[in-house]
1. Which value in nm describes the separation of the simple spin-label points at Val32 and Ser60, placed 7 Å from the Cα toward the beta carbon?
2. Mind checking which lysines have their C-alpha under 25 Å from Lys68, skipping anything on the same chain fewer than 8 residues away?
3. Angle, helix 2-62 long axis vs. longest principal axis of the chain, Cα atoms, 0 to 90°, nearest 10?
4. Determine the dipole magnitude for the chain: charges of +1 sit on the beta-carbon of Lys and Arg, -1 on that of Asp and Glu, nothing else is charged, the reference point is the Cα centre, and the result goes in debye to the nearest 20.
5. I'm spelling it out carefully: the read-out is P(r) over Cα pairs in 10 Å bins from 0, in percent, the candidates are (i) 12, 13, 11, 11, 10, 9, 8, 7, 6, 5, 4, 3, 2, 0; (ii) 20, 49, 26, 5; (iii) 11, 20, 19, 19, 16, 9, 4, 1, 0, and one was derived from this structure. Which label?
6. Put +1 on the Cβ of each Lys and Arg and -1 on the Cβ of each Asp and Glu in the chain; which of Ile33, Ile80, Ile44 then has its Cα farthest toward the positive end of the dipole?
Amino acid sequence: MEGRLMDISWFRDLAIIILVLVGTGALIVIAVIQFLLYRRIKYILDSVKTVAKTAQQISSYVGDEVVKPVIQIAAVVQGIRQGIDSVSKIFRKKGGRDE
């Protein structure tokens, strides 16, 4: 009877060792996959950061080189218009016509 118990305990120990080895192998495979995914995602995130920075630079350039001159032209046109209005008011008052 004692020989059978040793046989069963030997198989139990063997099963435990095999499960531990398989579990350790699975953990190593999972760790490698996570590391590879991290490297790939890091590369993608770096690319996205570069694209976002480029888009910000382009929008800043457009703001500096396109919008500001348009605003300056609009300000000059408005100044000329106000100047013409002021001169026309002066001439209207001299002409005797008041509003």
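Since every read-out is calculated from the coordinates, none of them should be taken as a lab result. Owing to the predicted nature of the structure, the values given are computational and were not obtained by experimental measurement. Heads up, the Cβs are rebuilt from the backbone with ideal geometry, glycines too, and the neighbour counts pull from every protein chain shown.
1. The answer from the label model is 4.4 nm.
2. Filter leaves Lys53.
3. 10
4. 920
5. Identified label for the calculated read-out: (i).
6. Ile80
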